[in-house]
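A.B. asks: Below you'll find the structure I mean.
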C-alpha cells in the first residue's frame with residue numbers, strides 16, 4: 001500500500017470513477033453482479049482497492065437504484081453519483097462529473113465488474129496517456145474469443161482510433177481480437193467539453209463512453225493505448241467468469257502468504273480472504289477457509305476442512321477439522337476434530353477442546369480440558385478443570401440465558417448436566433450422569449438426579 005504522503009505528485013489530482021450501476025443480466029441473479037461477494041469483499045470494492053493501492057487520491061462510484069445497497073459498504077470518503085436510468089456508460093460518467101471535487105485534473109474510469117484489476121493496470125493507462133500528451137488513453141487486451149466486447153481499431157503508431165460495440169460492428173470489425181477493457185485515463189477539462197456532445201447509439205439508444213475515442217482521433221489527438229493481460233482486465237459477465245475471478249484472487253492472496261513464510265499445503269483448495277493475517281511458519285492444510293478479521297499465529301496448524309471466521313488464533317495452536325467463529329484462542333490451544341467454537345469465546349493457553357464439543361460465550365481458563373460431545377454455553381471454566389465427555393450446561397430456561405461457573409480444578413463426570421444458573425466451587429467433582437441444580441461447595445463431590453453431596457461433612 002502506498003501511504004498518502006508517498007503518492008507520486010502526478011496522481012494527486014487523479015480521481016477514479018467506478019461504474020457500478022449495471023444489473024449484469026448474464027449472471028441470472030436477482031442481485032446485481034457488482035454486489036456479489038468475492039472472497040468476502042463485494043465485487044466493486046476490488047476495483048476501488050486497486051485504485052487506492054495505485055495511489056489515486058479520491059474516488060467516485062456511480063450507482064443505480066438497483067445497486068444502491070453498495071453505498072453502505074463504500075469507504076467513508078467515497079463520493080457517490082446516481083444514474084437513475086440505464087442510459088449507458090457515457091451517461092454514467094456525466095453523472096459522476098457532477099460530484100467531482102475541486103482540483104481534479106484527470107479521471108481514471110473503471111468498471112465495477114473487474115475485480116482482478118491491478119494497481120499496475122491503473123498506472124499503465126495513466127502512463128499511456130502521459131506518453132502521448134493527449135486527452136485520453138484506454139486499456140485493451142487480446143481476447144481468445146472477442147464475442148461481446150467492443151473492438152479496438154488502431155493506427156500504425158499503436159494509438160486507438162475507435163472502439164466499436166459488437167452490436168454496431170461490421171463483419172470485418174468483428175474479426176478484430178483487440179478488445180476494450182473499459183479502463184480509461186482522461187483529461188478532466190477535455191472530458192467536460194466532450195461529454196455533452198455524445199449522442200445515443202442508433203442501435204441501442206445508449207450513450208457510449210467509447211465514442212470519445214473516435215472524437216479524440218478526429219481532433220488529431222488519437223488515444224493512447226495500454227495493452228494489458230486479459231486475466232487482469234477481463235470483466236465478470238457470467239457465473240463461469242465469476243468462478244474464474246474468485247480463483248484468480250485466491251491465487252494472488254495465497255501466493256502473497258507463501259512468499260511471507262506461510263506453508264499452504266494445497267493453495268488450490270485454501271480459501272483465504274484478504275482481511276486475514278497469518279504469521280510465518282503457520283501451516284494451512286487443504287480445504288481450509290479463513291475469513292473476516294481473522295489472525296493466525298506463528299506455527300499454528302489449521303487442519304483440513306477447518307473454518308475460522310473473525311477470530312484470533314494464537315501461536316502453536318492446532319485446529320483439526322473444526323469451526324471457530326468470533327472468538328479468541330490464546331497460545332497452544334488444541335481444538336477438534338469436529339468441534340464448534342461459537343462467537344464470544346475466549347480460550348486461554350494450553351486448553352484442549354475435544355471432538356464434537358460445542359462452546360458458546362465461554363471463558364475457558366488456562367490448562368482446562370473439555371471432553372468430547374460436550375455443550376458449554378454462557379460459562380466460565382476455571383484453570384485446570386477437567387470437563388468430562390457429554391457435559392452440558394443447560395443455559396436457557398425458555399425465556400432467558402443464564403450463566404454457569406465451573407471453578408478451578410473442577411472435575412465433571414461423564415454426562416454431567418448443569419442447570420444454570422449454578423456454580424461448581426473450586427476442586428469440586430460430579431459423578432457420571434449427575435444433574436446439578438444447586439451450587440456445589442468447593443471440594444465437594446455430588447452425584448445423582450438431582451445431584452446430592454457425598455461429602456463427609458454431611
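A.B. asks: Suppose we filter 220, 228, 292 for residues that are touching a strand residue (DSSP E or B) at 6+ places or on another chain (Cβ under 6 Å) and at positive phi; which single one remains?
C.D. replies: Matching residue, one of 220, 228, 292: 292.
A.B. asks: Can you tell me how many residues in the stretch 188-200 are crowded, with 17+ Cβ neighbours inside 10 Å and closer than 19 Å to residue 88 by Cβ?
C.D. replies: Count: 4.
A.B. asks: Return yes or no: is residue 426 loosely packed, with under 14 Cβ neighbours inside 10 Å, closer than 20 Å to residue 371 by Cα and touching a residue at least 40 places away in the same chain (Cβ under 8 Å)?
C.D. replies: no
A.B. asks: Sticking with this one: Determine if the stretch 86-105 includes at least one residue that is part of a loop (DSSP other than H, G, I, E, B) and free of Cβ contacts under 8 Å to residues at least 12 places away in the same chain.
C.D. replies: Scanning the stretch 86-105, I find at least one residue that is part of a loop (DSSP other than H, G, I, E, B) and free of Cβ contacts under 8 Å to residues at least 12 places away in the same chain, so the answer is yes.
A.B. asks: Continuing with the same structure: State whether one or more residues within the stretch 330-341 are assigned to a loop (DSSP other than H, G, I, E, B), within 22 Å of the chain's Cα centre (by Cα) and assigned by TED's automatic domain parsing to the domain that holds residue 370.
C.D. replies: No; the residues of the stretch 330-341 include none that is assigned to a loop (DSSP other than H, G, I, E, B), within 22 Å of the chain's Cα centre (by Cα) and assigned by TED's automatic domain parsing to the domain that holds residue 370.
A.B. asks: Could you go through the stretch 285-303 and let me know if any residue there is touching a residue at least 60 places away in the same chain (Cβ under 8 Å) and loosely packed, with under 15 Cβ neighbours inside 10 Å.
C.D. replies: Yes, because at least one residue in the stretch 285-303 is touching a residue at least 60 places away in the same chain (Cβ under 8 Å) and loosely packed, with under 15 Cβ neighbours inside 10 Å.
A.B. asks: Of all residues being surrounded by fewer than 17 Cβ atoms within 10 Å (Cβ to Cβ) and outside any loop (DSSP other than H, G, I, E, B) in the stretch 26-41, which is farthest from the chain's Cα centre (by Cα)? Just the residue, please.
C.D. replies: Checked the stretch 26-41; the qualifying residue farthest from the chain's Cα centre (by Cα) is 26.
A.B. asks: Restricted to the stretch 134-147, and to residues that are outside any strand (DSSP E or B) and in contact with a strand residue (DSSP E or B) (Cβ under 9 Å, 6 or more places away or on another chain), which residue is farthest from residue 111 (Cα to Cα)?
C.D. replies: Out of the qualifying residues, it is 134.
A.B. asks: Working only within the stretch 371-389, note down all residues that are over 11 Å from residue 405 (Cα atoms) and not in a strand (DSSP E or B).
C.D. replies: Result: 371, 372, 373, 374, 383, 384, 385, 388, 389.
A.B. asks: Quick one: is residue 180 in a strand (DSSP E or B) and either surrounded by 22 or more Cβ atoms within 10 Å (Cβ to Cβ) or under 21 Å from the mean Cα position of the chain (by Cα) (or both)?
C.D. replies: So residue 180 passes the test.
A.B. asks: Hey, another quick one. Quick check on the stretch 215-226. Is at least one of its residues farther than 21 Å from residue 107 by Cβ and surrounded by 13 or more Cβ atoms within 10 Å (Cβ to Cβ)?
C.D. replies: no
A.B. asks: Scan the stretch 443-458 residue by residue and report those that are surrounded by fewer than 19 Cβ atoms within 10 Å (Cβ to Cβ), in contact with a strand residue (DSSP E or B) (Cβ under 9 Å, 6 or more places away or on another chain) and assigned to a loop (DSSP other than H, G, I, E, B).
C.D. replies: Once the filter is applied, which keeps residues that are surrounded by fewer than 19 Cβ atoms within 10 Å (Cβ to Cβ), in contact with a strand residue (DSSP E or B) (Cβ under 9 Å, 6 or more places away or on another chain) and assigned to a loop (DSSP other than H, G, I, E, B), the stretch 443-458 yields 443, 448, 449, 450, 454, 455, 458.
A.B. asks: Answer with yes or no whether residue 116 is outside any helix (DSSP H, G or I) and either in contact with a helix residue (DSSP H, G or I) (Cβ under 6 Å, 6 or more places away or on another chain) or buried (at least 20 other Cβ atoms within 10 Å of the Cβ) (or both).
C.D. replies: It is true that residue 116 is outside any helix (DSSP H, G or I) and either in contact with a helix residue (DSSP H, G or I) (Cβ under 6 Å, 6 or more places away or on another chain) or buried (at least 20 other Cβ atoms within 10 Å of the Cβ) (or both).
A.B. asks: Still on this model: For the subset of the stretch 64-85 comprising residues that are closer than 13 Å to residue 34 by Cβ and without any contact (Cβ under 8 Å) to a residue 40 or more places away in the chain, which member is surrounded by the most Cβ atoms within 10 Å (Cβ to Cβ)?
C.D. replies: Per the stated criteria, the residue is 74.
A.B. asks: Let me ask another. Considering every residue within the stretch 419-429, establish whether at least one is out of contact with any strand residue (DSSP E or B) (no Cβ under 8 Å at 6 or more places or on another chain) and at pLDDT 95 or above.
C.D. replies: Yes, the conditions are met somewhere in the stretch 419-429.
A.B. asks: Please work out if residue 310 is out of contact with any strand residue (DSSP E or B) (no Cβ under 9 Å at 6 or more places or on another chain) and surrounded by fewer than 24 Cβ atoms within 10 Å (Cβ to Cβ).
C.D. replies: no
A.B. asks: Counting just the residues of the stretch 390-417 that are within 40 Å of the chain's Cα centre (by Cα) and not in a loop (DSSP other than H, G, I, E, B), which one comes out modelled with the lowest pLDDT?
C.D. replies: 396
The values are calculated or read from the model by the stated rules, or taken from the named source; none is laboratory data. For clarity, every value in this text was computed on a predicted model and none was experimentally measured. Methodologically, a virtual Cβ is constructed for each residue, glycine included, from the backbone with ideal geometry; neighbour enumeration extends over all protein chains shown.
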